[in-house]
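Working notes, beginning with the structure itself.
The values are calculated or read from the model by the stated rules, or taken from the named source; none is laboratory data. Keep in mind the model is a prediction, meaning the values are calculated, not measured. Note that we place each Cβ from the backbone using ideal geometry, even for glycine, and neighbour counts take in every protein chain shown.
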Amino acid sequence: MKPCSFAPAPSASAPPLHVVLFGAGHVGHALVTLLGTLPCVVQWVDARDECFPDEVPANVQIEATDTPEAVIDAAPAGACLLVMTHNHALDFALAERIMRRRDFGYFGMIGSKTKRVKFERRLIDRGVEPERLHEMVCPIGVPGIVDKAPSSIAVAVCAQLMQVRARRQRALAATGQDARSAPPRVSAHP
């Protein structure tokens, strides 16, 4: 008898998401495990090289760097940027840098509603237009999942990323464009 095996089916309707994940903590580890099974390419970024596992899924590239801002600047248009570092000051620096861009496909950050309010005030003080703050998804993940276990947060985040991808597919279908030649920017919100 032949053992069962699973391989994700390729999707011709939309290219894989480009995900840039900042943070190699517990949630980052759980998230990478799930992202390894989804149609995406992942850059996993953290300054702490010792926090990365020895092996990662084939679609994940580890980037140990103390200049994560440069990774933001180099990310392709339409990238999905996820911030979940071990440091609130670093989270804010990354959030500010991301909000200076106008071509990301999604920006999500781990945190509470209180963290969001504090960051919004600080971003406005730094010149980010208030009408753009809705582009920052915090708390991250689909609503309704209240469990704070890293694996539960990872499921909620992956579900939200798949919603972003589905909206991208619908937008492409509505315009009649081929997914491989269409511009990558799609709003992160319904």
Checklist entry - On the given criteria, is residue 95 crowded, with 19+ Cβ neighbours inside 10 Å, of a type in the set (Gly, Ala, Ser), modelled with pLDDT of 95 or more and not in a strand (DSSP E or B)? => result yes
Next on the checklist: For the stretch 91-114: of the residues being in contact with a strand residue (DSSP E or B) (Cβ under 8 Å, 6 or more places away or on another chain) and of a type in the set (A, V, I, L, M, F, W, C), which is nearest to residue 146 (Cα to Cα)?
Outcome noted: 110
Item to check | Whichever residue in the stretch 111-139 is farther than 18 Å from residue 85 by Cα and in contact (Cβ under 8 Å) with a residue 40 or more places away in the chain and, among such residues, is surrounded by the most Cβ atoms within 10 Å (Cβ to Cβ) | outcome: 135
Item to check | Residue count for the stretch 39-82, restricted to those that are touching a Pro at 6+ places or on another chain (Cβ under 9 Å) and either of a type outside the set (A, V, I, L, M) or under 19 Å from residue 165 (Cα atoms) (or both) | outcome: 10
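Consider residue 73 carefully, then state whether it is at pLDDT below 95 and acidic (Asp, Glu). Please lay out each step first, then the result.
Details: at pLDDT below 95: no; acidic (Asp, Glu): yes.
When the stated conditions are applied, residue 73 does not pass them.
Quick one: which of 82, 90 is in contact with a helix residue (DSSP H, G or I) (Cβ under 9 Å, 6 or more places away or on another chain), under 27 Å from residue 39 (Cα atoms), not basic (Lys, Arg) and not in a loop (DSSP other than H, G, I, E, B)?
Working: 90 fails: under 27 Å from residue 39 (Cα atoms).
Criteria check complete, one pass: 82.
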Checklist entry - Quick one: is residue 33 of a type in the set (Ser, Thr, Tyr), touching a helix residue (DSSP H, G or I) at 6+ places or on another chain (Cβ under 8 Å), surrounded by fewer than 18 Cβ atoms within 10 Å (Cβ to Cβ) and not in a strand (DSSP E or B)? => result yes
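Has the stretch 140-147 got any residue that is of a type in the set (Gly, Ala, Ser), in a helix (DSSP H, G or I) and either out of contact with any Leu (no Cβ under 6 Å at 6 or more places or on another chain) or buried (at least 18 other Cβ atoms within 10 Å of the Cβ) (or both)? Give the steps one after another, and end with the answer.
Keep residues of the stretch 140-147 that are of a type in the set (Gly, Ala, Ser), which gives 141, 144.
With the extra rule that they be in a helix (DSSP H, G or I), the set shrinks to none.
Checking the stretch 140-147: not a single residue is of a type in the set (Gly, Ala, Ser), in a helix (DSSP H, G or I) and either out of contact with any Leu (no Cβ under 6 Å at 6 or more places or on another chain) or buried (at least 18 other Cβ atoms within 10 Å of the Cβ) (or both).
Select from the stretch 123-145 the residues that are farther than 22 Å from residue 20 by Cβ and at pLDDT 95 or above and list them in ascending order. Walk me through it before giving the result.
Taking the stretch 123-145 first, the residues farther than 22 Å from residue 20 by Cβ are 124-125, 127, 129-131, 143-145.
124, 125, 127, 129, 130, 131, listed by residue number.
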Next on the checklist: Can you pull out every residue in the stretch 154-190 that is at pLDDT below 50 and part of a helix (DSSP H, G or I)?
Outcome noted: none
